[in-house]
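Reading through the structure tokens given below for one structure.
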Amino acid sequence: VYEDPTIRAERFPATHDPTTLIQYFAVDVQIKDPSQLRTASADPASFTSSRLVQPETIAKRMNAVFALDGDYCTDDSVENQKYVMRQGIIFRDTVEPKLDMRLIDEEGDMHIVPGGPELETMDKTQYNGKQVWNVLQFGPGLVIDGKPVPDEIIMNPDRSPTYAKPGAGEIRLCIAQIDKLKYMVVTCAHWGQELNRFRDMVMSLAPVQCAYTLDGGLSASLVFLNRKFNNVQSGSERPITDIIYFASAWDMSGAN
């Protein structure tokens with residue numbers, strides 16, 4: 001556990017799901033201010049650069065308490081049409097209409113907008129009257145407004161990135177919001193899970209309000225206090241393009 005007056009992050013030991021026997025890792029994070037939920041790129045100047053580095057390197061540079069990998073937004077990606085907004089700046093203004101969007105607003109609330117042609121025309125800088133700070137496109141969404149997304153949607157390969165293989169036993173990663181400024185991140189390990197089974201496991205861990213899939217496989221990375229603690233077997237390290245991270249505001253408060 002890391003805890004100070006502005007953040008509490010708890011990393012849980014590797015656990016086996018009693019139903020599927022799949023091993024998974026989970027982290028709970030509670031922050032005091034929405035500004036503590038941030039994003040960062042492998043290239044400090046751009047989120048659409050082809051630069052790839054180890055997740056620990058980005059996390060250490062940003063002094064992250066806890067970090068996870070993002071949505072693989074490089075221009076070299078096979079998904080190089082995905083919309084990219086980070087920290088209020090639009091880095092790519094094209095849309096992959098089949099993919100669900102994850103919007104994070106100025107109050108730290110997360111919203112999932114299902115894939116469809118309306119994504120191309122909607123205002124992605126505002127949501128329900130609040131400014132949007134970060135937009136990611138990977139998906140699909142697993143839980144929306146506390147309800148599971150139906151199997152026929154999340155198991156449809158056309159709703160996932162081409163390499164995500166929803167029906168295969170892949171290593172999965174998702175970020176979920178539980179309550180106001182309270183979040184949970186979960187990844188399964190080793191041989192992985194089909195996407196609908198992963199959704200069910202995530203929902204069994206906490207009363208999540210929304211949950212969204214991010215880049216998995218060997219890219220799935222959980223970094224706690226500058227140390228990656230999942231997928232650490234020899235040969236499993238993979239450099240990535242970007243992270244989502246949680247930072248302490250303790251230094252900014254003037255207290256030491």
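The values are calculated or read from the model by the stated rules, or taken from the named source; none is laboratory data. Bear in mind the structure is a predicted one, so any value in this text is a computation, not a measurement. Here the Cβ positions follow ideal geometry from the backbone for every residue, glycine too, while neighbour counts run over all protein chains shown. These accessible areas exclude ligands, DNA and RNA; they are computed on the full protein's heavy atoms, side chains included. Shrake-Rupley method; radii C 1.70, N 1.55, O 1.52, S 1.80 Å.
In order along segment 139-144, phi translates into HN-Hα couplings of x, x, x, 9, 9, 10 Hz, rounded to whole numbers, per the Karplus curve 6.51 cos²θ - 1.76 cosθ + 1.60 with θ = phi - 60° and x for Gly and Pro. At a 1.4 Å probe, what is the % contribution of carbon and sulfur to the accessible area of the chain? Exposed carbon and sulfur together represent 50 percent of the surface. So what's the gap between the Cα centers of segment 1-68 and segment 145-203, to the nearest angstrom? Here the answer is 17 Å between Cα centres. Computed on the Cα atoms alone, the convex hull of the chain gives a volume of 119 cubic angstrom per residue.
Converting the Cα gyration tensor eigenvalues of segment 113-162 into ellipsoid dimensions via √(5λ) gives semi-axes, longest first, of 22, 14, 10 Å. Extent of segment 1-90 along its three principal axes (Cα atoms, max minus min coordinate, largest first): 39, 37, 22 Å. When 124, 147 are compared by accessible area at a 1.4 angstrom probe, the order from most to least is 147, 124. Electrostatic bookkeeping for residue 200 treats Lys and Arg as +1 and Asp and Glu as -1; over the other residues with beta carbon under 11 Å from its beta carbon, the sum is -1. The heavy atoms of residue 190 present about 90 square angstrom of accessible area, all protein chains included, probe 1.4 Å. Structural descriptor for the chain: relative contact order 29 percent, calculated from alpha carbon pairs under 8 angstrom and at least 6 residues apart.
On a per residue basis, the chain carries 42 Å² of accessible surface, using protein heavy atoms and a 1.4 Å probe. Placing unit charges on the Cβ atoms only, positive for Lys and Arg and negative for Asp and Glu, gives the chain a dipole magnitude near 500 debye about its Cα centre.
Working note: 222 nm ellipticity from helices only, DSSP H runs with n ≥ 4, each -39,500 (n - 2.57), summed and divided by the residues of the chain, gives -2500 deg cm²/dmol to the nearest 500.
Considering only 220, 157, 136, the residue lying farthest towards the positive end of the dipole of the chain is 220, judged by Cα position with unit charges set on Cβ. Note on the chain: lysine pairs with Cα distance below 26 Å, sequence gap of 8 or more or different chains, count 28. What translational D, rounded to a whole number of µm²/s, comes out for segment 37-137 from Stokes-Einstein when the hydrodynamic radius is the Kirkwood one over Cα pairs, at 4 °C and 1.567 mPa s? Stokes-Einstein gives a translational diffusion coefficient of 92 µm²/s.
When the chain is treated as a GNM with alpha-carbon contacts under 10 Å, the residue of 122, 184, 155 showing the greatest mean-square fluctuation is 122. Ranking 191, 133, 250 by solvent-accessible area of protein heavy atoms (1.4 Å probe, all protein chains present), from largest to smallest, gives 191, 133, 250. For residue 91, nonlocal amide neighbours, meaning residues 5 or more places apart or on other chains whose placed amide H falls under 5 Å from its own, are 84, 85, 86.
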